[in-house]
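Colleague: Structure below; questions to follow.
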């Protein structure tokens with residue numbers, strides 16, 4: 001599988017941890033470096049490693065920036081001169097990022113308990129304006145210039161990922177794509193701790209992001225500390241578009257391009273969507289298609305409610321051309337509740353099929369996941385999932401059971417379409 005760079009690992013872990021929307025392991029595109037949509041689906045512990053995931057959980061959704069819309073021109077006019085504290089050749093430190101950010105905050109605000117992360121370009125802190133602490137994170141990272149992966153950072157997440165999200169995506173002054181999001185750290189509900197986020201993905205490969213929550217830290221056991229995160233969307237925008245972060249990003253390691261021909265080969269997304277549409281029950285409405293090479297998800301609606309459907313089509317081959325070994329049913333059930341089931345089938349030609357039903361990771365949501373995976377001897381892997389909720393991990397629940405039976409899902413993944 002593709003080895004992810006530290007910057008990509010950071011992005012994976014932050015998105016998964018902050019949004020809390022990772023799906024069952026069977027649908028994880030663990031080795032794919034491309035695509036923000038894939039990153040949202042990937043489990044942070046699998047893509048970024050346990051240490052980084054733990055760090056991400058600590059500061060997930062926790063970023064604070066200051067400065068209102070009226071301060072935008074003033075912020076930009078401060079220039080990009082190098083801070084005196086950094087010597088030539090040194091990477092920007094969390095302390096220096098804190099000092100830069102401090103210049104963009106409203107008067108009287110302090111950043112306290114500043115810390116870093118296992119990768120460079122990340123600063124976590126608590127925002128103290130005397131009105132209730134708020135957790136904030138500032139992160140900068142570099143991708144290769146003109147990397148096709150950057151296109152996957154240009155759109156708002158689908159309802160399957162963040163069902164209660166309020167997101168706006170716009171072009172930013174010819175420099176790149178700006179996303180501003182208002183949502184919740186626990187997306188199975190539209191109440192509780194709020195997570196607000198701004199992200200600028202520049203055409204030169206630099207990505208600047210800011211996150212904040214209305215609690216001292218993300219998913220704080222102490223509960224919220226204020227009605228909303230402290231900074232408005234306009235203030236967040238002023239922070240991530242400030243040119244001082246571009247200079248800071250220049251001190252980070254140069255990004256590495258993935259080696260060609262490594263990792264799982266992805267089936268074209270438009271072909272997956274076309275094939276899936278043909279195989280789904282007639283008469284049902286299809287909405288919110290989320291398409292990327294190797295993976296497609298959508299909402300299937302009928303008179304009884306919506307079903308979240310996802311389909312993975314990839315090649316997982318070892319250097320000898322044979323299929324990568326996949327987990328057995330015993331391994332798949334090892335971290336699942338007692339009610340989860342798994343049946344394994346082996347066809348005469350060596351094709352392996354796993355048929356599973358399991359509750360969502362947030363069991364209280366009432367969401368059920370039905371999953372069928374097929375691994376062909378040549379390494380072609382097809383996995384389909386149907387869930388009776390917008391998010392397959394956390395809901396909210398949209399109907400009593402998924403609209404597709406396990407047998408229907410099995411027919412989808414074993415269709416000859418995916419072998420061509």
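The values are calculated or read from the model by the stated rules, or taken from the named source; none is laboratory data. Quantities reported herein were computed from a predicted structural model and do not represent experimental measurements. Ideal geometry is used to build each Cβ from the backbone, glycine not excepted, and the neighbour counts take in all protein chains shown.
Colleague: Given the condition surrounded by 22 or more Cβ atoms within 10 Å (Cβ to Cβ), modelled with pLDDT of 85 or more, farther than 19 Å from residue 240 by Cβ and in contact with a strand residue (DSSP E or B) (Cβ under 6 Å, 6 or more places away or on another chain), answer yes or no: does some residue in the range 118-130 qualify?
Modeller: no
Colleague: Restricting attention to the range 253-295, and to residues there that are at pLDDT 90 or above and closer than 17 Å to residue 149 by Cβ, which single residue is surrounded by the fewest Cβ atoms within 10 Å (Cβ to Cβ)?
Modeller: 268
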